[in-house]
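Have a look at the structure below before the remarks.
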Amino acid sequence: MNKIEKNLFPLYEFAVNRAGVGIHAVDRSGRTVIYNDKMKAIEGLELEEVGDRSILELFNFDQEESTLLKVLQSGMDKLNVKQTYWNRKGHEITTINDTYPVFHDGGLVGAVEIARDVTALERFVLHPMRKNSDPVTFNQIVAASDEMKTVVSTARKASGTKLPVLLIGESGTGKDLLAESIHYEASPANGRFLTLHCHQSDAELINRLDDDLTISEPFTLFCERIDLLSISLQQKLFTFLKNSTQNDRQFIASIGDDPVELIAKGSLLKDLYYFFASFTIRISPLRKRKEDIVPFVTTYFARRRERFGNSLVGITKEVEELFLRYDWPGNMRELEFLLDEISSLATTETVVTYEMLPLHFRLKIDGMGDTPTQAVNFIVNPEKELMPLDRYLKEAEEYYLQKAMKLHDDNITKTANALGMSRQNLQYRLRKLKNGR
């Protein structure tokens, strides 16, 4: 780099980080070399998290392939492409991308993606949340525990008042289902259920409320996770809500933590909390109401049999005991996703056995004993010097994937499902290990 280029570098860096669009550049191998501040905000990651990992290790693209990888493979532009994917923290992201190959001295050296975040706009749903299934009602909520019986009873009372409702609970506890049940318990048949997903919402989304919600018909607006909005956007939302109260409108919000703590930390606007606090309903995490686990499993399989004709009816005593011991950090949503995964691979089985549990879940529960399970010492020998970390991780990954493939008879689809990744991601990792030998 000559002197002029050195003098210009701070200007380039400043411009890239102040740009109003996300910028992600990778080299020929797919390793990140530029990841600006806007892209960090869109994807919820830091440069340190992406620097030494490939795109497929960081994100789950489901059935779609990364536009950056497509451009690296084809050497051709891909413009105005909408892409929905999930980062390693499980956050859904939707962007519209312009992606360009970068050539130097006649050869491809990498690719640059310019991304516009439309996550919030895509998730602002002006229709019932479930397009392809029946509305959720209180009768469909599993409430075997005393805690959930109290929650449902309080929610029924709230549905008859039309007062604002605040739902408090960890992610995955079913706050969205409870909000929808309140709506369908009280609203006229033609009333609409609208959801404002506050994750990564921006001013444009909040401003749309004034334009989109000038409808005269009854509706319920569910503001999911208002504590994820910036304080300035919470103020905008509060102003809209304060000016929109009518008898035929129901406003429901959810937060993920104790409101007093959120207000103290500056994550929740006090005025917005007071607006919704007429009816406050706390939903306990699943680990504190494990009486709901088995009834939920039974109900899940009954509904799936009715809809898809599956043969599963329940779980063995061994699996039941494991489910009751596990803490379910993802709450009811984690349990439902696990049952989805099991059901999709089941054929003629009628009960779920330990062997039918996905490998990633078995690895979690195998380490739940009082004495942690000791991993096979296949890499580190305490009598020898430690090997470099990157080599250790590579050998550990190779060992783990080989065991997983063998367990599922070298079936890519079953192994990918068991490991909680896409087929494309698993195939990429296997190719990478094979080529790196």
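The values are calculated or read from the model by the stated rules, or taken from the named source; none is laboratory data. If you're wondering where the values come from, they're calculated on a predicted model, not measured in any experiment. Here the Cβ is made from the backbone with ideal geometry for all residues, glycine too, and neighbour counts use every protein chain on show. Surface areas here come from the heavy atoms of the whole protein model, side chains and all, with no ligands, DNA or RNA. Shrake-Rupley method; radii C 1.70, N 1.55, O 1.52, S 1.80 Å.
For this structure, a couple of remarks:
- Within region 206-223, considering residues that are modelled with pLDDT of 70 or more, open to solvent by less than 40 Å² (accessible area, probe 1.4 Å) and not hydroxyl-bearing (S, T, Y), the one farthest from S181 (Cα to Cα): I206
- Selection count where residues are surrounded by 17 or more Cβ atoms within 10 Å (Cβ to Cβ), out of contact with any Ser or Thr (no Cβ under 6 Å at 6 or more places or on another chain) and not hydrophobic (A, V, I, L, M, F, W, C), scope region 155-177: 8
- Residue in region 36-44 that is under 27 Å from Q427 (Cβ atoms), open to solvent by 30 Å² or more (accessible area, probe 1.4 Å), at pLDDT 80 or above and touching a strand residue (DSSP E or B) at 6+ places or on another chain (Cβ under 7 Å) present: no
- Residue count, region 142-187 (criterion: touching a residue at least 40 places away in the same chain (Cβ under 8 Å), part of a loop (DSSP other than H, G, I, E, B) and over 26 Å from Q234 (Cβ atoms)): 4
- Residue satisfying all of: in region 237-283; of a type in the set (D, E, K, R) and under 19 Å from F219 (Cβ atoms); least open to solvent (accessible area, probe 1.4 Å) among these: R249
- Extreme residue, farthest from Y326 (Cα to Cα), among residues of region 267-290 that are assigned to a loop (DSSP other than H, G, I, E, B) and in contact with a Ser or Thr (Cβ under 7 Å, 6 or more places away or on another chain): I283
- Annotation note: Cβ proximity below 7 Å between a residue of region 291-303 that is in contact (Cβ under 8 Å) with a residue 24 or more places away in the chain and a residue that is assigned to a helix (DSSP H, G or I) and open to solvent by 40 Å² or more (accessible area, probe 1.4 Å) (sequence gap 6+ or interchain) occurs for I293/L324; V294/E320; Y300/E336.
- Residue, modelled with the lowest pLDDT, within region 224-266, restricted to residues that are more than 21 Å from the chain's Cα centre (by Cα) and assigned to a strand (DSSP E or B): R249
Residues checked against (1) within 24 Å of L167 (Cα to Cα); (2) open to solvent by 40 Å² or more (accessible area, probe 1.4 Å); (3) polar (S, T, N, Q):
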{"position": "D292", "(1), (2), (3)": "yes, no, no"}
{"position": "R303", "(1), (2), (3)": "no, yes, no"}
{"position": "L312", "(1), (2), (3)": "no, no, no"}
{"position": "L322", "(1), (2), (3)": "no, no, no"}
{"position": "R325", "(1), (2), (3)": "no, yes, no"}
{"position": "M332", "(1), (2), (3)": "yes, no, no"}
{"position": "E336", "(1), (2), (3)": "yes, yes, no"}
{"position": "L339", "(1), (2), (3)": "no, no, no"}
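- From A186, A179, residue being of a type in the set (G, A, S), at pLDDT below 90 and over 19 Å from Y300 (Cβ atoms): A186
Every residue, every condition in (1) within 21 Å of the chain's Cα centre (by Cα); (2) part of a loop (DSSP other than H, G, I, E, B); (3) at pLDDT below 85; (4) under 16 Å from V294 (Cα atoms), yes or no:
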position: R333; (1), (2), (3), (4): yes, no, no, yes
position: F337; (1), (2), (3), (4): yes, no, no, yes
position: S344; (1), (2), (3), (4): yes, no, yes, no
position: E349; (1), (2), (3), (4): no, yes, no, no
position: E355; (1), (2), (3), (4): no, no, no, no
position: F361; (1), (2), (3), (4): yes, no, no, no
position: I365; (1), (2), (3), (4): no, no, yes, no
position: M368; (1), (2), (3), (4): no, yes, yes, no
position: P372; (1), (2), (3), (4): no, yes, yes, no
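- Any hit, region 384-391, residues being hydrophobic (A, V, I, L, M, F, W, C), open to solvent by less than 60 Å² (accessible area, probe 1.4 Å) and either in contact with a strand residue (DSSP E or B) (Cβ under 7 Å, 6 or more places away or on another chain) or at pLDDT below 70 (or both): yes
- From the options V152, V112, residue that is at pLDDT 85 or above, under 21 Å from G256 (Cα atoms), open to solvent by less than 60 Å² (accessible area, probe 1.4 Å) and touching a Phe, Trp or Tyr at 6+ places or on another chain (Cβ under 8 Å): V152
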